[in-house]
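Trainee: Following this message is one structure expressed as structure tokens.
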Amino acid sequence: MLAEFRQNYKIPLLAYLKENLQNSLLEFEETILDIESSSITKHYTDLDKLKHMIEKNPALQKLRQEFNLDFD
């Protein structure tokens, strides 16, 4: 993937950026990030999303109880 980028996109992209940013000294570094999809949790249901938000902000649970909010 990196070889394809270098061969097909790097030079035109660099030329475009230099022209539009008016910076002839522009350089950039390529970095590949390896992110495992298993480490990313996807929240599909409304209840999953709510549980995740409550983990981030426990005050949401209190608001949910005070206003008697629930899913239909």
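Trainee: Against the conditions (1) hydroxyl-bearing (Ser, Thr, Tyr); (2) more than 26 Å from the chain's Cα centre (by Cα); (3) not in a loop (DSSP other than H, G, I, E, B), where does Ser24 fall short? Just the number, please.
Mentor: Only one criterion in (1) hydroxyl-bearing (Ser, Thr, Tyr); (2) more than 26 Å from the chain's Cα centre (by Cα); (3) not in a loop (DSSP other than H, G, I, E, B) is unmet by Ser24, namely (3).
Trainee: Do we have any residue at all in region 45-55 that's surrounded by fewer than 10 Cβ atoms within 10 Å (Cβ to Cβ), of a type outside the set (Val, Ile, Thr) and either in a helix (DSSP H, G or I) or on the phi < 0 side of the Ramachandran plot (or both)?
Mentor: no
Trainee: Residue check, Asn68 against (1) surrounded by 10 or more Cβ atoms within 10 Å (Cβ to Cβ); (2) modelled with pLDDT of 85 or more; (3) assigned to a loop (DSSP other than H, G, I, E, B), all met but one. Which one?
Mentor: Answer for Asn68: the failing condition is (1).
Trainee: Tell me, please, whether a residue that is touching a residue at least 24 places away in the same chain (Cβ under 8 Å) and out of contact with any Gly (no Cβ under 9 Å at 6 or more places or on another chain) can be found in region 51-68.
Mentor: So far as region 51-68 goes, no, none of its residues is touching a residue at least 24 places away in the same chain (Cβ under 8 Å) and out of contact with any Gly (no Cβ under 9 Å at 6 or more places or on another chain).
The values are calculated or read from the model by the stated rules, or taken from the named source; none is laboratory data. Being a predicted model, the structure only gives us computed values, none of them experimental. Using ideal geometry, Cβ is built from the backbone for each residue, glycine included, and neighbour counts are taken over all protein chains shown.
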